[in-house]
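The values are calculated or read from the model by the stated rules, or taken from the named source; none is laboratory data. Computed from a predicted model, the values in this text were never measured in an experiment. Cβ atoms come from the backbone with ideal geometry, glycine included; neighbour counts cover every protein chain shown. Accessible surface is based on the protein model in full, side chains and every heavy atom, while ligands, DNA and RNA are left aside. Shrake-Rupley method; radii C 1.70, N 1.55, O 1.52, S 1.80 Å.
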Amino acid sequence: MHIGFRTSGGGRGEFELVGRHGNTAAAELAGWSLQWDIPGIGECETGIWANPGDSGKPRLRSKIPNERPQVGLQMAAILLLPLPVRERKSLGATEPVLRYQSYFLTRIGFKRDSIFDETGKRIVVKPSYIWAENRIGREIIYFDHRWERVQKLHDIYMVQQQFGDVLSVLQKHQDSLQKRNVFRSTVSQAEKVNKVLQEMGDAVPVLEKMFGMTPEEFPILEIEEIEEDDVEMRIASTSIMRMARARPQSARNFSVAVRDAWRHACAFCGLELPGCIGRLDSGVDGAHILPWAEHGIDDIRNGICLCKLHHWAFDQAILTLHFEDQKYVVKPSPLMGAYDVATQTELMSVTGPIPEGRLPSRRHERPNPHYINELNSAIDVAKLKL
């Protein structure tokens, strides 16, 4: 289950509960209240509940008269993100995505151990990740990693008093969280932090640089931490893991071995792009089937050679690989429907069994069906939908 942001035309959007948590469907949670469980702080009141109203959908609305607590604003305030907007017309079209009042928070994931208290009719959300989007892109923020950075900034004001106003608002932000009343105090203090550093963009990296701090560059969210029904995030996380930079020399050896085994030809389309004189690298990639960052498998049988187009389509689960009747088969997923007819036609042209002559000649260098099945199980191909 997760919280999703739904927009209508150019107007304001609303947050609602989406999907399932175990056997519990979002639609069954009407009337339940929402709380955040923040590490080191505890359960915090949000002033929000699932109130379907006339829509019949579990939309998250204020349960307090004359209060307008907003889910995205609260989460941004907790994590000291630049404060977001709710209207599409206000969206920015810049990089980075995180700019003050120019992006949406479109999705908040739940950890598997979030609490669904039927007796008290409350959802105690342990946040897993957040999607931030503007007109041109998306940034995924892992909650625990970002929260750890915020906590370090909270701690540093004790020894860095020379930074004056900045540290004062940091201290007040920390104090507001200790009150466990996110919708009244924390949002107000986050607004002050944003105003102090508004022209600099995202406050957290600016402050880290100011204090000489170096955060972990590539936080990893394990597939097991993502709820089973949250297929989109499983795909996104798998793709991010494949791109992680912190890899040993064995990764280079793996890539070379995979491309050599496949004779520098794309497994999906057969395009051959070997290196040429003066260029050591070929034009195809030695791609991992199971992401290296999660599984650490540089076994050649966890590899497949792909051109840039089909590497992208495979990473995004638009094209999926299967092992059926002793054959390697390329299939389209429902995500194919998001593209125009010409693009679909191009991608569909490579579906079907991979010809025997295109496979590595040595059978011990061909993809291990176990790895293929494990990947498809992790992203749950059967549940993919637009």
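Using a 1.4 angstrom probe on the protein heavy atoms only, could you order Lys63, Lys308 from most to least accessible area? Before the final figure, lay out each step's value.
Details: Lys63 90, Lys308 120 Å².
Per-residue accessible area, sorted high to low, gives Lys308, Lys63.
In this simple spin-label approximation, Glu118 and Lys308 carry label points 7 Å from Cα along the Cα→Cβ vector, and these lie 5.4 nm apart.
Enter the accessible area per residue of segment 15-145 (Å², integer; probe 1.4 Å; all protein chains in place).
41 Å²
Computed from label points 7 Å out along Cα-Cβ, the spacing between Asp175 and Asn23 is 4.8 nm. The trypsin sites (Lys or Arg not before Pro) of segment 76-160 that meet both conditions, a loop assignment by DSSP and at most 16 other Cβ atoms within 10 Å of the site Cβ, are Arg112, Lys121, Arg135. Residues in segment 361-373 carry Karplus couplings, in order, of 5, 8, 4, 6, 9, 7, x, 7, x, 4, 5, 4, 5 Hz; the curve used is 6.51 cos²θ - 1.76 cosθ + 1.60 with θ = phi - 60°, and Gly or Pro positions show x.
Checking the cross-link pairs Lys57/Lys121; Lys126/Lys179; Lys89/Lys111; Lys63/Lys121; Lys89/Lys126 against a 20 Å limit on the alpha carbon distance flags Lys89/Lys111; Lys89/Lys126 as lying beyond it.
How would segment 104-152 be classified by its alpha-carbon gyration tensor: rounded, prolate or oblate, with rounded meaning a/c under 1.5 and the a/b versus b/c comparison settling the rest?
oblate
Highest mean first, the peptides 26-33, 229-236, 206-213 sorted by other C-beta atoms within 10 Å per residue fall in the order 229-236, 26-33, 206-213.
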